[in-house]
Amino acid sequence: MAVRETNRTIRKQPNKKRSLLDYSLICIVILLSSFGLLMLYSTTSYVDQIAHAGNAFYTVQKQLVFTSIAFVVMLIVSQIDYHVYKRIAKYIYPLAIILGILVLFFGKEVNGQRRWFSLGPISFQPAEFAKLTLIITLASITNYCYLALKKYRVLFVLAVVTLPIFIPVVVANLSSGIIIFGIALSMAFIASNKKFIFVLSIGLGLGACVLAFKTGLLEMILDGYQMDRIYAWFDPVAYSSTNGFQTVQGLYAIGAGGLLGRGLGESVQKMGYLPEAQNDMIFSIICEELGLIGAILVILLFILMIWRFMVIAVNTKDFFGFMLVIGIMSHIAIQLLLNVAVVTNTIPNTGVSLPFISYGGSSVLFLMVEIGIVLNVSREIKLEN
Amino acid sequence: MHWSKTYHRTGVVILTCCIIIGLTSLLGRLAYLMIVQSDYYNELSEELHTRERKIKAARGTIYDANGTVIATNKTVCTISVIYNQIKDPEKVIEVLCSELELEEEQVRKKVEKYTAREIIKTNVEKSIGDKIREYDLAGVKVDEDYKRYYPYDSLASKVLGFTGSDNQGIIGLEVYYEDYLKGLDGRILTLTDAAGIEVDDAAEDRIEPIAGNDLYISLDVNIQKYAEQVAKKVMEEKQAKQVSILLMNPQNGEILAMVNVPEFNLNEPFVLTNIETTDGLTDKEKQDLLNKMWRNSIINDTYEPGSIFKVITGAAALEEGVVSVDDTFSCPGFYVVEDRKIRCAKVTGHGVETFVEGTMNSCNPVFIQVGLRLGVDRFYSYFQQFQLLKKTGVDLPGEATTIMHKPENMGEVELATVSFGQSFQVTPLRLLTTISAIVNGGTMVTPHFGVEVRSADGETIKKLDYEEGETILSEEISETMRQILEKVVSEGGGKKAYIEGYSIGGKTATSEKLPRGNGKYISAFMGFAPADNPEIIGIMTIDEPVGIYYGGTIAAPVMGDLFANIFPYLGIEKTNTVDENATLQ
């Protein structure tokens with residue numbers, strides 16, 4: 001703990017020894033993670049049993065280890081004064097760019113794309129690191145330019161800072177790129193008081209996308225496989241044997257769920273029909289087993305979490321901490337929105353995992369780190385109050 | 001340290017609201033998918049998830065006029081093994097080898113093969129299946145199945161038809177009454193995973209099959225059997241290609257027998273008879289031969305009817321009033337029409353004769369003159385009135401239509417030849433149906449087999465009604481025709497069909513097959529009885545007899561013999577024919 005804060009504690013609230021963590025946020029995280037593990041077990045047990053000699057716990061065991069480590073990391077991070085990130089931003093920012101570029105050449109190739117670093121048993125996705133780095137960097141920059149925030153120039157600066165991180169990531173993985181873009185956009189939107197320009201540019205951007213598609217320009221920009229996904233998006237059933245396959249299988253699962261679902265553990269689609277069921281598509285299995293009611297409860301839990309972020313952000317007096325919370329909140333919210341939108345075929349299929357629930361080590365680790373940061377920010381509120 | 005400002009906080013609230021709105025609309029989308037489109041996706045995925053095993057529905061039985069079963073189902077078993085469930089493979093192999101009389105090596109290979117289900121043998125007799133079931137071996141499955149079975153093998157084969165591997169009718173009544181007979185297959189639905197492995201504890205969904213309806217037909221096994229014997233005998237004696245006999249009730253069109261020898265074995269419909277080896281035949285050649293073997297000439301093929309058609313020419317001329325029974329004609333042995341000299345069968349000529357005598361003599365010049373008196377237009381309108389250009393509507397598939405000159409192409413020569421049954425073609429069934437109407441008082445009938453459809457538990461589903469046809473001839477002329485035709489049998493060209501004590505009407509025919517002069521004939525006889533009120537009418541055709549080929553000589557006596565044997569069975573009593581002859585004169 002920085003000396004300055006400690007002093008203030010003594011000065012303002014001499015009776016209280018230490019602040020408490022935001023327990024409601026911790027509760028939500030624990031609930032989501034446990035629910036995620038349960039659904040992950042339900043999703044993977046059938047396939048694991050066949051693939052791993054009867055070991056139905058194969059995948060969930062690994063994820064349990066990841067989650068436990070990540071949870072401990074979260075608790076540790078929650079104890080680290082978030083102001084230090086202001087100082088490390090200038091180190092991790094170039095690191096994220098370098099890792100992002102390196103992975104394009106030296107990453108492990110999976111399905112023709114290099115997105116991972118493989119270090120023995122541990123895989124690490126630089127995109128996850130890039131997201132966190134971007135949040136910290138943008139928070140630092142806005143904090144640094146605090147006095148100039150009302151100027152358009154700041155938006156330009158933010159864009160220039162974001163681009164070097166964004167470009168390697170979007171080359172490796174479009175969906176991570178979209179998330180990074182979304183985070184930067186949200187943070188800039190909050191920091192700047194020029195709100196109207198965002199509404200205008202989002203409108204223009206969407207218009208440009210439609211125009212690009214109609215004129216065939218999009219076909220030149222995007223890779224063939226990405227274009228095919230867009231066609232499959234319009235009519236997934238027609239492409240059900242090729243690009244629409246995963247989407248259609250996901251829709252089968254969702255459709256089968258109905259209001260109350262088949263019941264926990266009763267999914268049929270998980271029995272090898274739905275590719276990546278444990279990963280990007282786990283939400284459709286939740287829908288299939290727990291129905292619309294289950295899906296609503298999960299989304300409500302996320303809304304609660306976002307609500308908590310908002311409460312923390314609004315109550316934070318410190319602008320840097322405020323911006324950190326905004327970045328983290330938008331990160332989780334964008335990923336959630338994209339994931340559910342993909343699963344319901346609201347947008348073209350792009351691989352985005354569902355925070356805290358999808359299978360994946362680096363994803364849960366970075367999410368927990370982010371929660372840890374938010375917890376630390378929230379801690380200051382208590383001090384101030 | 002900087003402080004966050006109010007506009008920052010407002011921004012957070014806006015952002016949060018946007019997120020929540022986004023999530024809510026996605027929930028709306030979810031609700032749409034999960035509630036509104038649920039059925040649509042469920043149906044699609046059900047197909048994907050479940051393995052369907054059919055339970056064959058029992059096909060309806062076909063009964064003859066006496067209630068005798070002529071087409072039914074036999075229960076057969078399919079023996080299969082399920083690898084995962086076998087506990088004692090040695091015992092399984094031993095039992096299956098001995099019960100099914102299979103080679104050990106063959107069975108062992110199947111039992112030890114790692115598959116979900118391996119079929120050992122199909123079409124196993126039920127008794128053997130039951131025996132295997134009694135061993136109660138784990139992993140051995142005995143599934144019962146139905147196979148179509150015809151107790152009389154070849155009886156009325158071309159009429160009944162047979163069924164294919166899916167239990168669907170292929171020819172004959174089996175096709176025509178498919179919808180009634182087939183029933184509704186049941187299903188067993190089992191849940192499987194993506195690899196197609198059945199999920200163990202998933203509930204099976206069983207939809208019971210519904211048995212097909214039974215069909216009751218007018219065909220009489222006893223008459224059919226006897227007619228087949230007779231036909232076969234003639235065919236052998238005359239070394240003919242084919243002999244057909246059709247017997248029906250002229251009053252209502254119920255068909256009692258329809259014979260086309262050689263028949264084929266309905267229980268082995270794909271085995272070619274009359275062919276020593278199928279080696280060296282292409283599949284197409286083989287199929288052509290099968291189609292030929294299955295062909296029902298009485299309805300599928302047309303032929304030149306020859307002199308039997310004089311019945312129709314006569315009836316038309318009498319009805320139109322262009323001739324009366326006592327009109328006299330002169331036959332020098334030929335008749336010249338335009339530039340053609342058409343011969344009579346009797347080269348020396350019949351001399352002066354009345355119309356009745358002309359019919360008894362089957363004299364061509366008489367009928368040429370009668371036909372010319374009618375003229376093309378009137379003759380043609382009688383063709384239509386007698387429905388000769390229409391199909392009879394018989395309840396068998398593939399009925400052929402009459403091949404006839406167009407009226408505008410019909411000159412006097414054509415008219416002359418048509419008058420005595422040449423230069424056009426009809427099916428024997430069409431010919432006999434029209435003659436039925438001519439002798440039954442003038443009412444057209446629909447020839448048919450189907451009488452009634454009943455459900456498997458005996459409830460009547462449908463009475464097969466056939467509308468009473470149009471009146472095509474006056475009662476008076478019908479009676480005159482009966483009397484003339486009775487004289488043909490009692491005194492004229494058909495007297496070899498005469499049976500002591502019975503009044504039988506009839507007409508013979510001998511038609512030379514095309515091309516003329518090749519020495520191939522079709523000999524035929526059409527007869528009905530009792531002559532004054534016909535209860536049965538029949539036609540017999542002998543295709544390419546060797547040696548004597550006159551219909552009156554070879555067909556008439558056979559038909560007479562057939563009549564003599566079935567009249568007592570049908571309860572047709574002997575009558576005194578002398579009185580009727582007197583009335584005519």
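Taking the centroid of alpha carbons for each part, region A:176-249 and region B:346-376 are 95 Å apart. Which of the listed residues, B:Leu100, B:Met404, B:Gln251, is farthest toward the dipole's positive end in the protein assembly as shown, when Lys, Arg count +1 and Asp, Glu count -1 at the beta-carbon? Farthest along the dipole direction, towards plus: B:Leu100.
The magnitude of the dipole of region B:298-584, with charges of +1 and -1 set on the Cβ of Lys/Arg and Asp/Glu and taken from the Cα centre, is near 1000 debye.
Once both labels are positioned 7 Å from their Cα atoms along Cα-to-Cβ, the gap between A:Cys27 and A:Asn193 label points is 3.8 nm. About the centre of its Cα atoms, region B:67-181 shows a dipole size close to 140 debye [charges on the beta carbon of Lys, Arg (+1) and Asp, Glu (-1) only; nearest 20 debye]. Among the lysines of region B:1-125, pairs that are 8 or more positions apart or on different chains and have alpha carbons within less than 27 Å of each other number 21. Each label point was placed 7 Å from the Cα along the Cα-to-Cβ direction; for B:Ala456 and A:Leu222 their separation is 5.5 nm. Per-residue ellipticity at 222 nm, computed for chain B from helices alone with -39500 (n - 2.57) per DSSP H run of at least four residues, works out to -11000 deg cm²/dmol.
Eigen-decomposition of the gyration tensor built on the alpha-carbon atoms of region B:444-568 gives equivalent ellipsoid semi-axes of 31, 20, 16 angstrom, largest listed first. The residue list B:Val325, B:Gly493, B:Val366 was ranked by how far each Cα lies along the charge dipole of chain B toward its positive end, using unit charges on Cβ atoms, and B:Val366 comes out on top.
If you plug the beta carbon distance of B:Glu338 and B:Thr75 into 1/(1 + (r/R0)^6) with R0 = 60 Å, you get a FRET efficiency near 0.30. Calculated on the Cα set of region B:30-123, radius of gyration then Dmax: 22.1, 65 Å.
Within region B:487-526, which residues have the backbone N less than 16 Å from the label spot 7 Å out from B:Lys574 along Cα→beta-carbon, could you tell me? Zone members listed by number: B:498-504. Taking chain A as a Gaussian network, where each spring joins two C-alpha atoms under 10 Å apart, which residue of A:Leu354, A:Leu367, A:Leu304 fluctuates the most? Result for chain A, Cα springs under 10 Å: A:Leu304 fluctuates most.
Taking the Cα centre of chain B as origin and assigning +1 to Lys and Arg Cβ atoms and -1 to Asp and Glu Cβ atoms, the resulting dipole is close to 1320 debye. One quarter of the convex hull surface built on the alpha carbon atoms of region B:52-217 amounts to 11.5 nm², the projected area averaged over directions.
In chain A, taking the dipole from charged Cβ atoms about the Cα centre, the farthest positive-side position among A:Met187, A:Ala253, A:Ser362 is held by A:Met187. Taking only the Cα atoms of the protein assembly as shown, the radius of gyration and Dmax are 46.5, 152 Å. Please find the FRET efficiency linking B:Asn565 to B:Lys241, where r is the Cβ-Cβ separation and R0 is fixed at 22 Å, and quote it to the nearest 0.05. So the FRET efficiency works out to roughly 0.30. Using every pair of separate Cα atoms, the Kirkwood estimate puts the hydrodynamic radius of chain B at 28.5 angstrom. Relative to the longest principal axis of the Cα atoms of chain B, the long axis of helix B:475-490 makes an angle of roughly 70 degrees.
For B:Asp143 and B:Ser127, the difference between the fully extended length at 0.36 nm per residue and the C-alpha to C-alpha distance is 4.5 nm. FRET efficiency for the B:Thr273 to B:Ile210 pair, using the beta carbon distance and R₀ = 45 Å, is estimated at 0.80.
Axis angle, to the nearest 10 degrees, between helix A:361-384 and the longest C-alpha principal axis of chain A: 30 degrees.
Rounded to the nearest 5, the antiparallel percentage of DSSP beta bridges internal to region B:52-217 is 95%.
Pairs with C-alpha atoms separated by more than 28 Å, drawn from the list B:Lys241/B:Lys406; B:Lys310/B:Lys390; B:Lys158/B:Lys513; B:Lys158/B:Lys233, are B:Lys241/B:Lys406.
Taking other Cβ atoms within 10 Å as a rough exposure proxy, A:Thr350, A:Thr344 sort from fewest to most as A:Thr350, A:Thr344. Counting only other chain Cβ atoms within 10 Å of each residue's Cβ, the peptide A:303-316 averages 4. Legend: mean number of C-beta atoms from other chains within 10 angstrom of residue C-beta atoms, peptide A:273-283, equals 1.
Apply the a/c threshold of 1.5 to the C-alpha gyration tensor of region A:26-101 and tell me whether it is rounded, prolate or oblate. The shape class here is oblate. In straight-distance terms, cross-link reach from B:Lys462 covers every one of the lysines whose alpha-carbon lies under 20 Å from its own, apart from those fewer than eight places away in the same chain; here that gives B:Lys182. With the cut-off at 1.5 for a/c, could you classify region A:187-329 from its C-alpha gyration tensor as rounded, prolate or oblate? Verdict is oblate for region A:187-329. Taking the fewest neighbouring Cβ atoms within 10 Å as the starting point, the ordered list for B:Tyr83, B:Tyr41 is B:Tyr83, B:Tyr41.
Legend: mean number of C-beta atoms from other chains within 10 angstrom of residue C-beta atoms, peptide B:41-50, equals 5. Of the trypsin sites (Lys or Arg not before Pro) found in region B:26-92, those in coil by DSSP whose Cβ has at most 12 other Cβ atoms within 10 Å are B:Lys87.
Computed from the coordinates by the stated procedures, all read-outs in this text should not be read as laboratory data. Bear in mind the structure is a predicted one, so any value in this text is a computation, not a measurement. FYI the Cβ positions are ideal-geometry reconstructions off the backbone, even for glycines, and counts take in every protein chain you see.
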